[in-house]
Structures are given as C-alpha cells and as structure tokens.
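Just so it is clear, none of the values below were taken in a lab; they were calculated from the coordinates. Because the structure is predicted, anything quoted here is derived from the model rather than measured. Cβ coordinates were reconstructed from backbone atoms using ideal geometry, including for glycine residues, and neighbour counts include every protein chain displayed.
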Amino acid sequence: MVVKERKLWKQESSDQIRDFVMEIYNREAENPCPVDRLKALSNTLRRSSCGECVICREGILQLYTMTESITQGNGRDGDLDVISEISEDMCIGSGCDYGKEVGKITKGIIETEREQFERHIKRKRCDALVCKKFFLYYISPEKCSGCHKCAGVCEVGAISGTDKLIHIINPTACTKCGACETVCEPNAIQKSATAIPNLPTGPIPVGSFQSDSNQGGLLSQKRRRRSE
C-alpha cells in the first residue's frame with residue numbers, strides 16, 4: 001500500500017492532488033463546523049500519505065492531533081499559529097505535491113474560518129453544536145410526546161421515563177451519540193451550548209409541565225450568573 005501510494009502521488013499533478021483533497025473535504029460539506037471538518041479531513045489524509053516524506057507524514061498527523069484536541073475543548077492560545085506554521089512547512093518542505101497541497105488547503109481553511117477556530121479555543125464554544133464537548137442534550141418538556149422511543153435506543157440508559165411521561169436525559173450519563181435525536185419524531189431532543197432551560201426534575205405526565213412553574217429543574221447558566 002505504501003509503495004502504491006508513493007508512486008501515485010509522485011505521478012499525479014498538483015491539480016489532480018488538489019481535486020483529490022478537496023473531494024475528501026467536500027464529503028463533509030453538510031458538517032457546519034469547520035474545526036470538525038478539518039479534523040475529519042486530516043484524519044483521512046494522514047492515511048493516504050505515502051510516509052516517505054517526514055514533514056508530510058508527521059505534519060498531517062500533527063494537524064489531526066491538534067484539531068482533535070481543539071474539538072475536545074483542549075485548544076490553547078497559539079494553536080492556530082502552530083497549525084499555520086506546520087502548513088507552511090509542508091508547503092515548502094514536502095517531497096511531492098501531496099504534502100504541499102494539503103498544506104495550502106489547510107492554510108486556506110484556517111484563514112477563512114479563523115473566527116470559528118478561535119471561538120472553540122478561547123470561548124470553548126461550537127456555534128454549529130457539532131463538537132460534543134461543547135453542548136448538552138435535553139428533552140423539551142413542551143414537545144415530548146412520551147413515546148419512549150428515545151429511551152429505547154439509548155444504550156447507556158441515560159433517559160428516564162415511560163409511556164405518556166415527559167422524559168429526562170441525565171447529562172452525566174449521556175454519551176451524546178445522537179441516537180435519541182434520530183428517532184424523536186416530535187423533535188423534542190434539543191441541543192444547548194450555553195444554557196439549559198428550566199426542566200422537570202423527573203418524569204411527569206405529558207402536557208402537565210409549565211415553563212414558569214416551580215417544579216424545579218436546571219437553570220440556565222446566564223440566570224445562575226445573575227443570581228450570584
């Protein structure tokens with residue numbers, strides 16, 4: 001496989017390689033988070049590198065490692081500068097156009113989407129609600145029909161409730177796999193990055209919850225800050 005890939009990239013033109021890389025990147029076109037898209041891109045591209053050129057092989061691996069770290073909430077000030085430096089080194093020092101084109105495209109993504117990368121790093125926020133570290137799932141008590149389908153597909157038992165009761169997600173147990181979201185026909189499964197609305201403390205009959213009631217639940221972070 002290594003020899004085959006090595007021969008392939010040295011025979012291909014820069015335009016052909018660019019098209020190959022962009023085709024992989026565009027497979028993630030429906031993914032609205034540029035950080036997660038670059039992580040997926042670098043993860044695929046590192047497996048296609050021939051491995052002969054150290055700057056390409058290790059450079060793409062570092063791109064993947066750093067973008068994954070950012071999506072996990074471990075991004076640090078200066079990470080974007082390091083990613084840009086790695087990309088520049090790949091453009092200059094790669095032995096063939098494969099590493100050079102990966103470097104160019106990565107630089108372009110960072111320059112275009114720098115604001116979103118910085119929000120992940122500095123504010124620990126994913127506006128697209130794609131990076132699991134930066135959001136929580138909850139069930140809207142106004143929309144929940146008590147169908148119990150979400151609890152049926154939850155492999156870790158993070159959802160409590162039975163038929164005709166408003167269900168509750170335990171955020172500590174939830175792995176954010178998204179299985180519950182795919183089966184919820186009323187679209188009651190919601191994501192939140194900064195605040196969780198006031199929710200029932202436990203399963204209660206469908207239609208009995210009022211958002212301004214005193215039934216308890218989780219208050220939004222903003223309301224907590226104001227009360228401190």
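Which percent of Cα-Cα pairs in the chain sits in each 10 Å bin, short to long?
Taking every Cα pair in the chain, the percentages come to 8, 27, 24, 18, 14, 8, 2.
Can you pull the one-decimal nm distance between simple spin-label points at S208 and D77, each 7 Å off the Cα toward Cβ?
5.2
Could you give the size of the charge dipole of segment 2-122 about its Cα centre, using +1 on the Cβ of each K and R and -1 on the Cβ of each D and E, expressed in debye and rounded to the nearest 20?
Magnitude of the dipole: close to 400 debye.
Restricting to DSSP H runs of at least four residues, report the calculated mean residue ellipticity at 222 nm for the chain, -39500 (n - 2.57) per run over all residues, nearest 500 deg cm²/dmol.
-15000 deg cm²/dmol
If only Cα atoms are counted, what is the Rg of segment 135-209, and what is its Dmax, in Å?
10.9, 30
Summing +1 for each Lys or Arg and -1 for each Asp or Glu, what net charge is found among the other residues whose Cβ lies under 12 Å from the Cβ of I139?
Once all neighbours under 12 Å are counted, the net charge is +1.
Looking at segment 26-100, which GluC sites (Glu not before Pro) are in a loop (DSSP not H, G, I, E or B) and have at most 14 other Cβ atoms within 10 Å?
E30
So in the chain, which Cys have no other cysteine's beta-carbon sitting under 4.7 angstrom from theirs?
C33, C50, C91, C96, C144, C147, C154, C174, C177, C184, each lacking another Cys Cβ under 4.7 Å.
Do any GluC sites (Glu not before Pro) in segment 112-204 lie in a loop, going by DSSP, with at most 14 other beta-carbon atoms within 10 Å of their beta carbon, and if so which?
Sites meeting the loop and neighbour criteria: E142, E155.
Among V206, V54, which comes first, second and so on when ranked by fewest other beta-carbon atoms within 10 Å?
Neighbour counts put them in this order, fewest first: V54, V206.
What are the principal axis extents of the Cα atoms in segment 2-122, in Å, biggest first?
Per principal axis, max minus min of the Cα coordinates gives 42, 28, 21 Å.
Using 32 Å as the Cα-Cα cut-off, could you pick out the over-long pairs in K10/K132; K104/K191; K107/K133?
Table pairs above 32 Å Cα-Cα are K10/K132; K104/K191.
What trypsin sites (Lys or Arg not before Pro) in segment 12-58 are in a loop by DSSP, with at most 16 other Cβ atoms within 10 Å of the Cβ?
R27, R47
Measuring from centroid to centroid over Cα atoms, what is the spacing of segment 32-105 and segment 140-200 in Å?
Spelled out, the Cα-based centre of one part sits 36 Å from the other.
Please report the net charge: other residues with Cβ closer than 12 Å to the Cβ of I55, K and R +1, D and E -1.
-3
When the chain is fully extended, how far beyond the present Cα-Cα distance does T201 get from E185, taking 0.36 nm per residue of separation?
3.5 nm
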